[in-house]
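Every number here is computed from the coordinates shown, using simple stated rules; none is lab data. Remember, it's a predicted structure, so these values are computed and weren't measured experimentally. Because the Cβ atoms are built from the backbone with ideal geometry, glycine has one as well, and the counts that use them run over all protein chains shown.
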């Protein structure tokens, strides 16, 4: 793992070819050292799904969550969707350390002005009110794959959906088309039902207020249906 071993003389090492330069080595430590960190999406609008909201004595309301895209800074005016609450960020902290900004991938807590702990909650998403703020979705189109279901799924079925930190029942309003789950090729229009192993494009309607965006923006959010 750390140094070449005389017991593994059969192993001649590893090589990797990539755009940012080739690499090679013989140990696991060298593999880890050659991993290139991903580019953080700091150029995208701020999206921060709330994992929890705390009321801290002497400080006030402190929402917490992970920055997925964009940058969060003290003094920024943020909007929470889908509750449409707008307020100013007073401070940002990570592990009790005060930050001048929070970047994608960082789990932070941020103190906000004049907002009650009851006004925002887990499942809400914070964004910059001046740069493409998040908004409520009355409905959305989703590509789904039915992994395991005991019967048939038809329009009107309403499983619980997990999207970012939201946990909300959403109804299959329309089964638009059935598709090949491997190639994505359309198989039929307006399918009457779906079963295990099927893939489809469907229109969905949340049972409660919910934030959702197109996949080009919401790359970090995974949809999981719990039947």
Completion exercise
So, relative contact order of the chain in percent, Cα under 8 Å, 6 or more apart, is 17 percent
Fill in the blank from the handout: Once normalised by the length of segment 140-226, the mean sequence separation of its alpha carbon contacts under 8 Å that are 6 or more apart gives a contact order in percent of 39 percent
Fill in the blank from the handout: Simple spin-label estimate for residue 90/residue 15, 7 Å along Cα→Cβ, in nm, reads 6.0 nm
Exercise for the section: Take the Cα atoms of segment 48-128, find their three principal axes, and give me the spread along each one in whole Å, biggest first. Expected result: 27, 25, 21
Handout entry: Pairs of Cα atoms farther than 18 Å apart, segment 133-187, %
Key = 43 percent
Practice task
Take every Cα pair under 8 Å in segment 16-138 that's 6+ residues apart, average their separations, divide by the length, and report that relative contact order as a whole percent.
Solution key: 29 percent
Handout entry: Theoretical ellipticity at 222 nm over the chain - DSSP helices of four or more residues, -39500 (n - 2.57) apiece, nearest 500
Key = -500 deg cm²/dmol
Handout entry: Rg/Rh (Cα only; Kirkwood hydrodynamic radius) as it applies to segment 140-226
Key = 0.94
Problem - Inter-label distance for residue 23 and residue 77, nm, one decimal - labels placed 7 Å from Cα along Cα-to-Cβ - result: 4.4 nm
Handout entry: Choice from 18, 47, 66 showing the highest fluctuation, given a GNM over the chain with Cα pairs closer than 10 Å
Key = 18
Problem - Computed E for residue 107/residue 130 - FRET, C-beta separation, R0 25 angstrom, nearest 0.05 - result: 0.55
Fill in the blank from the handout: In Å, the Kirkwood estimate of hydrodynamic radius for the chain over Cα pairs equals 20.6 Å
Handout entry: Candidates 49, 150, 134, ranked by Gaussian network fluctuation over the chain, Cα under 10 Å, top entry
Key = 150
